Amino acid sequence: MLIPINSSQISKLIPAVGTGSQFKYALGNPRKILQRVIVSSIGGFISLIISSTGDQTNNFWLFLCVGFFLYIIWGPILESSRKNLQLRKYKFFSLFDGYVSDIYKTEKIESSREQSNRQGRLEVIENKRTWLVLELEDEDGYLEKLSFPMENKHSQIRVGSSIRCLITSDNRNFDRDFYLTDAWLPEINLWVGEYPYLLRPAFEEICYIYLNK
């Protein structure tokens with residue numbers, strides 16, 4: 001069941017500026033954090049050295065130096081805000097109220113590197129992670145798959161569990177080129193999804209309002 005959402009509600013559900021949970025996602029794994037620290041440190045020290053030369057542009061370089069040192073903070077904020085704005089650009093939004101029709105696992109390669117074995121030959125070392133895939137349906141039939149990294153808490157999910165999310169598209173009928181946000185399973189009060197687009201208390205309130213009319 002797709003229930004059209006008033007566009008005025010979207011700003012309450014999908015913030016323009018990244019939230020704390022979105023910042024945490026954008027901050028990334030330790031490897032990504034290390035990359036940000038390296039960029040921040042190198043850029044900051046180079047800018048600091050140039051700003052100390054005393055020429056007419058030293059204020060600009062000093063400002064740039066501060067910006068580089070704060071990159072570890074504003075980088076994830078900018079990344080998460082960009083993801084939010086990309087979703088908010090869609091023209092049409094609807095609340096999907098359906099159920100989980102199938103559940104299965106898949107393996108995704110998150111990173112890979114080449115490494116020499118004992119014989120001196122190069123071999124590819126892959127870092128894999130288990131993802132859970134939920135197939136979603138409603139009274140009109142199959143909708144789409146929702147996939148996300150699997151955690152222990154996801155063992156609660158069962159076929160037939162109720163699930164709710166936002167579906168967005170530039171097509172009013174939502175029959176092609178649509179996108180799903182993270183989703184809420186109200187029966188077990190569990191949120192799932194790769195990226196936390198929605199402000200969760202606001203979405204739960206919207207569900208209560210729209211589904212109890």
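The residues of the range 135-159 that are loosely packed, with under 12 Cβ neighbours inside 10 Å and either in contact with a Cys (Cβ under 8 Å, 6 or more places away or on another chain) or not basic (Lys, Arg) (or both), listed by number, are Glu139, Asp140, Gly141, Glu151, Asn152, Ser155, Val159.
Working only within the range 123-133, note down all residues that are under 19 Å from Phe96 (Cβ atoms) and either touching a helix residue (DSSP H, G or I) at 6+ places or on another chain (Cβ under 9 Å) or open to solvent by 80 Å² or more (accessible area, probe 1.4 Å) (or both).
If we filter the range 123-133 for residues that are under 19 Å from Phe96 (Cβ atoms), which is where we start, we get 132-133.
Within the range 123-133, Leu132 is the sole residue that qualifies.
The values are calculated or read from the model by the stated rules, or taken from the named source; none is laboratory data. Bear in mind that the values here come from a model prediction, so they are computed numbers and not experimental data. Cβ coordinates were reconstructed from backbone atoms using ideal geometry, including for glycine residues, and neighbour counts include every protein chain displayed. We work out accessible area using only protein heavy atoms, side chains counted, and drop any ligands, DNA or RNA first. Shrake-Rupley method; radii C 1.70, N 1.55, O 1.52, S 1.80 Å.
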